[in-house]
Protein chains: 2
Amino acid sequence: MVSKVVFGRGSFNQLEDILAPNRKGRNAPFIYYVDDVFKGNHWLTSRIRLSYKDKIIYVPTKEEPKTSQIDKYVEDIILEFSELPSGIIGVGGGIVMDIAKAVSLMLTNKGESKDYQGWDKIKHPGIYHVGIPTISGTGAEVSRTTILTGPERKLGINSDYTPFDQVVLDPELTKGVPKNQWFYTGMDCYVHCIESLNGTYLNAFSQSYGEKALSLCKEIFLEDNLTKEEAQDKLMMASWHGGMSIAYSQVGVAHAMSYGLGYLLGVKHGIGNCIVFDHLEEYYPKGVALFKEMKQKHNIELPQGICANLSQQEFDKMIDVALSLEPLWENAIGKHWQTEITREKLTDLYKKM
Amino acid sequence: MVSKVVFGRGSFNQLEDILAPNRKGRNAPFIYYVDDVFKGNHWLTSRIRLSYKDKIIYVPTKEEPKTSQIDKYVEDIILEFSELPSGIIGVGGGIVMDIAKAVSLMLTNKGESKDYQGWDKIKHPGIYHVGIPTISGTGAEVSRTTILTGPERKLGINSDYTPFDQVVLDPELTKGVPKNQWFYTGMDCYVHCIESLNGTYLNAFSQSYGEKALSLCKEIFLEDNLTKEEAQDKLMMASWHGGMSIAYSQVGVAHAMSYGLGYLLGVKHGIGNCIVFDHLEEYYPKGVALFKEMKQKHNIELPQGICANLSQQEFDKMIDVALSLEPLWENAIGKHWQTEITREKLTDLYKKM
């Protein structure tokens, strides 16, 4: 689990004090990966104090992170600095936080990041790493994974060493998120709850986190009783609890199929989940009904027909990616999921999207 | 925060595998502090595998832990073993878990434990320490404190190093708890929620945990929809979430006054909280009303008149202890609590108990 967390509006100002005791020396910099949407945003960047060889690297977030990108970042650090960094700090959404986690791990584990996609392949603790979400919903701030698109699959590096050593939860950092992105990423959390609470892996631990996150989502996306600030605070907590819920259970059908869309078409995770989940009445009837209500309340129009012109080969590729995520299917359907989830079934579903 | 946690009925069986990678050598034992109620309980103790110089120490739990007791345990370890232990494992309720945390810290921080009562006085990480609750409610499994009665005060060692490195949440271990103790300790959690949710320190982080713990308490203590096992599972999670809620806010009036009772009369924490909380309508009207409902539903009769024969000097001592807990009062009442909470007020309240 995450070792330390601070929460509060303005807590981002504590970053310097939080990092200081972890500095290993003048030649061991803090490397900040920052969502490039904040480039030139003085309100945020002026609060990142660079000392000695510290460095900000702006991360483009149009695409989900690739294993090749992680390997490049790691190589850049090794070539540029004489010592390993004191810490890796990710300031951004799921993409940026996952990059920070992956770079931290790959600085101390030899080889290429694609070789660590899977479960518990990481053997050494990473560099001290800090997550600072600037959008809420992914749960990346609390999860034990870092989702990467590799040459062969879209799959996380799941390990005990993946979670952040420190998280700073400052809901004020989410104030500039555009509405659509707010919705899609918030729905990532909502889908985590539905998949966790309806999964066969469920236990009282995950259930308690999932129920809390779900009730916060309902408060935020279906009711009108919250101020803007309260809604930001609560969505940050929903993301946290939703992430905790799946950390000790698993996600399900929407995530498995969304990974397929992401791998083939580069559809981003949040919107991909929404596109898939919208068609999953058969698996999550109540959850999908509520999702449609939320979508309507916030006037969200999802892209249609994104799979309309795909070849059979392309469908097959998406289906290969989706089916490779066995724990997700086992959680969603049960041990005998393979009898129910056929390639035809998935083709039919993808064709609706 | 707690770094690692496993949850599940029977997860206690994983203990050997969990500890193994943390063994530092043949001369660095694992020391188990185990509630002496389990002495001769083969069902539990046979699952603690002792290797090399590992040792079980049975802990009497009639009284809350004292700083002198911690210092003695630490001295015993230093005299008996040539190396520092590989780990300290607490198997029991709040008392035993607090002992495990305190011994772990005092093995690496010089001097007497009384000198560390307070906030952030601990300077060095403790020995690897593991908490395994066998009763639910205290939140000691997740808290950043270890409550000790010292020569001058009853006060915790609160620090970033206090939380366990590993927690094993196995609800099956709580199956033998007697009814009264189940209720008193469960109410410790309930009171944590009420004090946190009604405190001035409240924030969205603590609120989300407190609300979940409170809703679980209601399910367990007021409704009749749960099997015995479900109720055990859920109470273990309520304790966890309630502990998380106060870790990032604070407790209040009941805890401050209960510490006074504990210090002077040796009243144990759970029952002490109940005795005090029963008279706090003025501060927590809804919470106390619900508490009385729970008490009635489970036919719990609280001791009456425990302060009937106390001298003024004794009242003064209790009041000194209670008033010394300034953050608790500030959380409960606000910055100007001293104008409202007078010695007369507290005398009147204690006289009712």
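Return the residues of the stretch A:174-221 that are within 14 Å of chain B (Cβ to nearest Cβ) and among the aliphatic types (A, V, I, L, M); say none if nothing qualifies. Selection gives A:L197, A:L202, A:A204, A:A213, A:L214, A:L216, A:I220.
Screening B:G156 on (1) under 12 Å from the mean Cα position of the chain (by Cα); (2) modelled with pLDDT of 95 or more; (3) in a strand (DSSP E or B); (4) more than 14 Å from chain A (Cβ to nearest Cβ) shows it passes everything except condition (2). Of the residues A:A140, A:A204, the single one that is of a type in the set (A, V, I, L, M, F, W, C), closer than 25 Å to B:K4 by Cα and outside the structural domain of A:S11 (by TED's automatic domain parsing) is A:A204. Applying a threshold of 6 Å to beta carbon distances and a minimum spacing of six or more residues, or different chains, the list of pairs starting in the stretch B:17-32 at a residue that is touching a residue at least 24 places away in the same chain (Cβ under 8 Å) and ending at one that is buried (at least 17 other Cβ atoms within 10 Å of the Cβ) and of a type in the set (K, R) reads B:P29/B:K53. Screening A:V267 against (1) farther than 23 Å from B:V5 by Cβ; (2) assigned to a helix (DSSP H, G or I) leaves a single unmet condition, (2).
Please count how many residues of the stretch B:1-31 are away from chain A (no Cβ under 12 Å) and either surrounded by 19 or more Cβ atoms within 10 Å (Cβ to Cβ) or hydroxyl-bearing (S, T, Y) (or both). Residues flagged as away from chain A (no Cβ under 12 Å) and either surrounded by 19 or more Cβ atoms within 10 Å (Cβ to Cβ) or hydroxyl-bearing (S, T, Y) (or both) within the stretch B:1-31 amount to 7. Candidates are the residues of the stretch B:223-248 that are touching a helix residue (DSSP H, G or I) at 6+ places or on another chain (Cβ under 6 Å) and over 17 Å from A:N203 (Cα atoms); the one that is farthest from the other protein chains (Cβ to nearest Cβ) is B:I246. Just so you know, in the stretch A:107-137 the residues that are assigned to a helix (DSSP H, G or I) and touching a Ser or Thr at 6+ places or on another chain (Cβ under 7 Å) include one that is surrounded by the most Cβ atoms within 10 Å (Cβ to Cβ), and it is A:S113. Residues in the stretch B:297-316 that are surrounded by 10 or more Cβ atoms within 10 Å (Cβ to Cβ) and under 21 Å from B:L214 (Cα atoms): B:K297, B:H298, B:I300. Selection of the stretch A:138-161 for residues being over 16 Å from A:S239 (Cα atoms) and surrounded by fewer than 24 Cβ atoms within 10 Å (Cβ to Cβ) yields A:T149, A:G150, A:P151, A:E152, A:R153, A:L155, A:G156, A:N158, A:S159, A:D160, A:Y161. Scanning the stretch B:272-285 for residues that are surrounded by fewer than 21 Cβ atoms within 10 Å (Cβ to Cβ) and in contact (Cβ under 8 Å) with a residue 24 or more places away in the chain yields B:D278, B:H279, B:Y283.
The values are calculated or read from the model by the stated rules, or taken from the named source; none is laboratory data. From a predicted model like this one, the values you see are computed outputs, not experimental measurements. When we count neighbours, we look across all protein chains shown, and the Cβ atoms used for this are built from the backbone with ideal geometry, even at glycine.
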